[in-house]
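Everything below concerns the one structure shown next.
Values in this text are rule-based calculations from the coordinates and carry no lab data. On a predicted model such as this, the values are computed, not experimentally measured, just so you know. As a convention, Cβ positions derive from the backbone with ideal geometry for all residues, glycine included, and neighbour counts pool all protein chains shown.
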Amino acid sequence: MKHHCIDYVEFPAAHIDKTQRFFEQTFGWQFTAYGPEYVAFHHAGLTGGFYLSELTSQSSSGGALIVMYSERLEETMRSVEHFGGVITKPIFSFPGGRRFQFQEPSGNELAVWSDR
């Protein structure tokens, strides 16, 4: 752990089991369950967890947008769709690269970017 650095992030999840499977299959994250209402993830670049809740994190309503990196953006987008994610913003360019945004099975919005 580094002093004053972001160490952990938590998301709400109405469907913890579906959300866990999605991130395992799509991104290779690993999980540890702490009962039926909480699951922690690791091997994701940053550790965190999902807690049982009907809420969702959306950038349009002020939620933080978590952005992951991919060396193969199109392949990652296809994988997101294949494993049950919904693309909310298809690949678009911005200064420094390209990215897309998606919702995972519990409705939280995340993004993936690439400089390639």
Two pseudo-spin positions, 7 Å from Cα along C-beta at residue 37 and at residue 54, lie apart in nanometres by 1.5
P(r) for the chain: what percent of alpha-carbon pairs falls in each 5 Å bin, starting at zero?
2, 12, 21, 25, 21, 13, 5, 1, 0
Describe numerically, in nm with one decimal, the distance between label points set 7 Å from Cα along Cα→Cβ at residue 86 and at residue 47.
3.3
Dipole magnitude of segment 47-116, debye to nearest 20 (Cβ charges: Lys/Arg +1, Asp/Glu -1, about Cα centre):
200
Pairwise label distance in nanometres, residue 25 with residue 111, each label 7 Å out on the Cα-Cβ vector:
2.6
Going by alpha carbons, how many degrees (0 to 90, nearest 10) lie between the helix axis of 73-82 and the longest principal axis of the chain?
50
Only bridges whose two residues both fall in the chain count here: according to DSSP, what percent of them are antiparallel, nearest 5?
65
Residue 48's amide H: which non-local residues (gap 5+, or another chain) put their own amide H closer than 5 Å, with H modeled 1.01 Å from N in plane and none for Pro or chain starts?
9, 41
Spelling it out for residue 66: with amide H atoms placed in the peptide plane at 1.01 Å from N, the residues 5 or more places away or on another chain with amide H under 5 Å from its amide H are 111
GNM result for the chain, Cα springs below 10 Å: residue of 35, 63, 45 fluctuating most strongly
35
Segment 31-84 to segment 9-26: how many Å between their Cα centroids?
6
Exactly which chymotrypsin sites (Phe, Trp or Tyr not before Pro) in segment 28-116 are in a DSSP loop and have at most 11 other Cβ atoms within 10 Å?
34
